[in-house]
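S.K.: First the structure, which I've put down as structure tokens, then a few questions once you've had a look.
Bear in mind these aren't lab numbers, they're just calculated from the coordinates by the rules spelled out. Everything numeric here is computed off the predicted structure, so don't read it as measured data. Heads up, the Cβs are rebuilt from the backbone with ideal geometry, glycines too, and the neighbour counts pull from every protein chain shown.
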Amino acid sequence: MAVSTIRIALAGIGKIARDQHIPTIAASDRFELVAAVTRHEPPEGVPGFTTVAEMMAAVPDIHAISICTPPRGRLALIEEALAHGLDVMIEKPPAGTIAEAARFQPLAEAAGKVLHATWHSREAAGVEPAREWLKGKTIQKVICNWKEDVRVWHPGQEWIWEPGIGVFDPGINALSVLTAILPAPLELQSAELRVPENRAAPIAADLAYQMDGKPVAVAFDFDQQGPQSWDIIVQCAEGELQLSMGASQMAVDGKPVDLPDDPEYARLYRHFARLVDARQSDADLTPFRHVADAFLFGTRKQVDAFHW
Ligand code: NAP
């Protein structure tokens with residue numbers, strides 16, 4: 001039987017836990033934050049533990065855990081959480097490798113638990129209306145510019161420069177939106193990854209895809225000064241769709257479309273609550289596969305060193 005209040009723990013109390021998860025859980029009528037797994041300070045008012053086992057021994061009736069650690073190294077944490085009977089929600093990107101990410105859902109199924117591999121940008125208010133609007137349209141060209149300042153969004157985070165991450169940490173958000181709204185799969189044609197000479201991951205990337213034979217031009221930049229851009233334009237024979245501000249705003253032929261003011265993380269947690277109630281998992285790895293393809297296929301170009 002579904003519980004009315006889902007008692008949830010958070011693991012990894014960093015920027016996104018503090019910026020989004022803690023306030024979203026506090027404002028939710030379905031979730032209660034009851035503990036944290038952290039190597040440092042827990043959020044105010046809840047106890048912190050270094051392992052899931054210690055937490056489960058000390059705090060009664062925890063139903064779920066939301067994992068906000070960096071993508072690498074989550075397997076052991078997820079296995080431990082499932083072994084203790086917890087439903088699991090994970091931040092994007094799901095893991096450090098595709099092989100690791102592909103194990104999560106079978107492990108959750110074997111344990112009889114729910115796994116929600118989240119894509120917060122798919123919860124942006126414009127995503128579902130854009131997908132609906134594009135149904136039956138004749139798409140001619142897609143342009144996506146996802147450009148932000150790593151110093152603002154990931155201040156001092158060294159893990160962001162580990163192999164396989166870099167600008168694809170925000171870039172995967174764009175890929176999660178594109179793969180949600182476009183009616184056919186993306187096929188990578190070419191990719192250029194620009195890697196600072198002192199880092200192991202790209203600071204910028206240009207990706208050329210096709211979708212049903214039509215061009216999809218994607219540009220990521222992690223060194224964007226001034227205004228940030230999280231924009232997608234879909235040119236169709238019937239008109240032009242514009243998504244901006246990470247798909248929280250939408251316009252058709254320059255005319256704004258009214259969208260609800262419903263924050264991404266509120267929607268994300270409502271989605272997790274529905275999955276928990278229905279005992280269903282949601283673990284689409286498509287955006288992550290596209291990131292892996294870019295690394296498999298892309299040419300590398302060395303660029304100037306990056307310093308914080
Ligand atoms: P962060 O500020 O570095 O926080 C990550 C936290 O994970 C750390 O504070 C630490 O918490 C814990 N941790 C465990 N092992 C770690 C390790 N080896 N290295 C560093 N931290 C470790 O990162 P974040 O920005 O919150 O990002 C976390 C996840 O959320 C990533 O998958 C990211 O893509 C996603 N996300 C981030 C943003 C954003 O704007 N920053 C937005 C959406 C999604 P304890 O001290 O509690 O152990």
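S.K.: Say R0 is 41 Å: what FRET efficiency, to the nearest 0.05, do Ile233 and Asp304 get from their beta-carbon distance? Provide the component values of the computation, followed by the final result.
M.R.: Numbers: r = 29 Å, r/R0 = 0.72.
According to the calculation, E is roughly 0.90.
S.K.: Hey, another quick one. Mind checking which aspartates and glutamates have their C-alpha under 13 Å from Lys141, skipping anything on the same chain fewer than 8 residues away?
M.R.: Straight-line reach from Lys141, under 13 Å: Asp212, Glu238, Glu240.
S.K.: Could you state the per residue volume, in Å³, of the convex hull enclosing the Cα atoms of segment 133-237?
M.R.: Details: hull volume 10.4 nm³, N = 105.
Hull volume over Cα atoms, normalised by residue count, gives 99 Å³.
S.K.: Over the alpha-carbon set of the chain, work out the extent along each principal axis and list the three values in angstrom, largest first.
M.R.: So the three principal-axis extents are 58, 44, 36 Å.
S.K.: How far apart, in nanometres, would the label points at His40 and Thr97 be if each is projected 7 angstrom from Cα along the Cα-to-Cβ direction?
M.R.: Modelled inter-label distance: 2.9 nm.
S.K.: Quick one: among Ile232, Ile98, Ile78, which has the greatest mean-square fluctuation in a GNM of the chain with alpha-carbon springs under 10 angstrom?
M.R.: Evaluated over the chain, the most mobile residue of the options is Ile98.
S.K.: Given the pairs Lys147/Lys255; Lys92/Lys147; Lys92/Lys214; Lys137/Lys255, which span a C-alpha to C-alpha distance of over 20 angstrom in this model?
M.R.: Details: Lys147/Lys255 23 Å; Lys92/Lys147 18 Å; Lys92/Lys214 28 Å; Lys137/Lys255 18 Å.
Going by Cα-Cα distance, Lys147/Lys255; Lys92/Lys214 fall outside the 20 Å limit.
S.K.: I need the calculated FRET efficiency for the pair Lys137 and Ala76, taking r as the beta carbon distance and R₀ as 45 Å, to the nearest 0.05.
M.R.: Working: r = 45 Å, r/R0 = 1.00.
The value I calculate is 0.50.
S.K.: If you rank Lys113, Lys214 by fewest surrounding Cβ atoms within 10 Å, what's the result? Please report the intermediate quantities before stating the final value.
M.R.: Details: Lys113 22, Lys214 17.
If I rank by nearby Cβ atoms, fewest first, I get Lys214, Lys113.
S.K.: Now a separate question. For segment 164-308, take N as its residue count and report Rg(C-alpha) divided by 2.2 N^0.38 Å.
M.R.: Numbers: Rg = 17.0 Å, N = 145, 2.2 N^0.38 = 14.6 Å.
That ratio works out to 1.17.
S.K.: Here is a follow-up. Taking every alpha carbon pair in segment 254-308, what does the distance histogram look like in 10 angstrom bins from 0, in percent?
M.R.: Cα pair-distance distribution for segment 254-308, in percent: 16, 21, 26, 28, 9.
S.K.: Work out, step by step, the length gained on full extension between Asn198 and Ala251: first 0.36 nm times the residue separation, then minus their alpha carbon distance; give nm to one decimal. Could the numbers behind the result be given before it?
M.R.: Working: separation 53, 0.36 × 53 = 19.08 nm, distance 4.03 nm.
Between Asn198 and Ala251, full extension yields 15.0 nm more.
S.K.: Suppose each label sits 7 Å from its Cα in the direction of the beta carbon; what would the Trp153-Ala208 distance come out to in nanometres?
M.R.: 2.5 nm
S.K.: May I ask for log10 I(q)/I(0) of segment 1-103 at q = 0.22 Å⁻¹, from a Debye sum over the Cα atoms as equal point scatterers with solvent left out?
M.R.: Result of the Debye calculation: -1.22.
S.K.: Here's a follow-up. Using alpha-carbon positions, what is the distance between the centroids of segment 24-79 and segment 87-150, in Å?
M.R.: 22 Å
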